[in-house]
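Chemist: Handing you this structure, nothing more for now.
The values are calculated or read from the model by the stated rules, or taken from the named source; none is laboratory data. From a predicted model like this one, the values you see are computed outputs, not experimental measurements. Because the Cβ atoms are built from the backbone with ideal geometry, glycine has one as well, and the counts that use them run over all protein chains shown.
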Amino acid sequence: MKHNLTTCLLIIMLPLSVLAQQKPEQIPLWSNGAPGFENLHNQPEEAKDYWVRHINNPSITVYPAPKEKATGAAVVICPGGGHRLLVYNAEGVDPAVFLNNIGVTAFVLKYRLGRDTGSPYSVDIHPREDAYRAMRLVRSRAVEWNLDTNRIGIMGFSAGGEVADMIAYAPGQGNANAPDPIDRLNGKPNFQILIYPGPGYIPDSIPHNTGPAFLLAANDDPCCSESTIKLFHLYRAAKVPVELHIFTQGGHGFNMGNRSKLYSLKNWPQRLAEWLSDNNILVSK
């Protein structure tokens, strides 16, 4: 049965700060650390105020949808932060809780940061590896989390949108001969949610087998409005379903709109709930 959209819109009016009663579980992407960097996986992260940095043991933090609301859909969330840090609360935890409230299980990805101080990682390589591994790890445990493996998407803010782009437009098939069975699974997301995505890693064309996309940015964003519009035209040229929202004001980094004085930005998550419903992503498993 299709999820009731009216109920969805009422649910998302709940404060996003209301978290699950149990502390979310953080799961390393690799049990012994990232390949080639295993000796760093015990180095602690740094967290302060709104951000997390010094990611040496990439992970997903699990926010299961409540059983009475769960639709079987899931989203891997990539916070932004210019590949220097992760805007973890406003672009990780808040969207996870929002998605939970409309029946979507969320996984907040802590990916490696190529521009962090003293980082040994490459922006071009290691976030891509982490995003693929996150998608495959979620699919490998879909039965445990009661997920539909054909409704697992990716959401990215700013630099996190670049991380989403890194895997959304590539084939994504796993290595059939990989010793780790997780690496044999498909890493391509079924749909994309790109919120003021960064200008990097936009392909020359969108493959026809790319999943549908929800794109959103502010017109006065000096960083990412043009890249968002460019993506929109690429999706249209490929005849892949796409929805674009360009708001008059907002600049860059308005997150889920909670702290904005603009009504359009405060209410943009409702547009996402509508899109997810209209695209049959919020259907019961």
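Chemist: Which one is farthest from residue 275 (Cα to Cα) among residues in the range 138-168 that are over 14 Å from the mean Cα position of the chain (by Cα) and of a type in the set (A, V, I, L, M)? Full working, then the answer.
Modeler: Taking the range 138-168 and keeping what is over 14 Å from the mean Cα position of the chain (by Cα), we get 139-150.
Add one more test, that the residue is of a type in the set (A, V, I, L, M), and what stays is 142-143, 147.
Values: 142: 23, 143: 26, 147: 19 Å.
Checked the range 138-168; the qualifying residue farthest from residue 275 (Cα to Cα) is 143.
Chemist: May I ask you to list the residues in the range 94-141 that are out of contact with any Phe, Trp or Tyr (no Cβ under 8 Å at 6 or more places or on another chain), aliphatic (A, V, I, L, M) and touching a residue at least 12 places away in the same chain (Cβ under 8 Å)?
Modeler: The answer is 102, 104, 109, 123, 135, 137.
Chemist: Still on this structure, I have one more. What residue, among those in the range 214-244 that are in a strand (DSSP E or B) and without any contact (Cβ under 8 Å) to a residue 40 or more places away in the chain, is nearest to residue 261 (Cα to Cα)?
Modeler: In the first step, residues of the range 214-244 are kept if they are in a strand (DSSP E or B); the result is 214-218, 242-244.
Within this subset, residues satisfying the condition of being without any contact (Cβ under 8 Å) to a residue 40 or more places away in the chain are 215, 217, 242-244.
Working: 215: 21, 217: 16, 242: 28, 243: 24, 244: 22 Å.
Among those residues, the one meeting the criterion is 217.
Chemist: Within the range 55-113, which residues are surrounded by fewer than 23 Cβ atoms within 10 Å (Cβ to Cβ) and touching an Asp or Glu at 6+ places or on another chain (Cβ under 6 Å)?
Modeler: 62, 72, 84 - these are the residues of the range 55-113 that are surrounded by fewer than 23 Cβ atoms within 10 Å (Cβ to Cβ) and touching an Asp or Glu at 6+ places or on another chain (Cβ under 6 Å).
Chemist: So residue 119 ticks every box in (1) assigned to a loop (DSSP other than H, G, I, E, B); (2) buried (at least 19 other Cβ atoms within 10 Å of the Cβ); (3) among the hydroxyl-bearing types (Ser, Thr, Tyr) but one. Which box is left unticked?
Modeler: The single condition residue 119 does not satisfy is (2).
Chemist: Checking the structure you have, find out if any residue of the range 40-59 is closer than 22 Å to residue 273 by Cα and touching a helix residue (DSSP H, G or I) at 6+ places or on another chain (Cβ under 9 Å).
Modeler: Within the range 40-59, none of the residues are closer than 22 Å to residue 273 by Cα and touching a helix residue (DSSP H, G or I) at 6+ places or on another chain (Cβ under 9 Å).
Chemist: Among (1) over 23 Å from residue 31 (Cβ atoms); (2) out of contact with any helix residue (DSSP H, G or I) (no Cβ under 8 Å at 6 or more places or on another chain); (3) assigned to a loop (DSSP other than H, G, I, E, B), there is one condition residue 179 misses while meeting the rest; what is its number?
Modeler: Just one mismatch for residue 179, condition (1).
Chemist: Only one of these is surrounded by fewer than 18 Cβ atoms within 10 Å (Cβ to Cβ), out of contact with any strand residue (DSSP E or B) (no Cβ under 7 Å at 6 or more places or on another chain), modelled with pLDDT under 95 and not hydrophobic (A, V, I, L, M, F, W, C): 203, 171, 181. Name it.
Modeler: Values: 203 fails: modelled with pLDDT under 95; 181 fails: modelled with pLDDT under 95.
Matching residue, one of 203, 171, 181: 171.
Chemist: Given the residues 247, 191, which is the only one that is among the aromatic types (Phe, Trp, Tyr), under 19 Å from the mean Cα position of the chain (by Cα) and closer than 26 Å to residue 102 by Cβ? Give the steps one after another, and end with the answer.
Modeler: Working: 247 fails: under 19 Å from the mean Cα position of the chain (by Cα).
191 is the lone residue from the list that is among the aromatic types (Phe, Trp, Tyr), under 19 Å from the mean Cα position of the chain (by Cα) and closer than 26 Å to residue 102 by Cβ.
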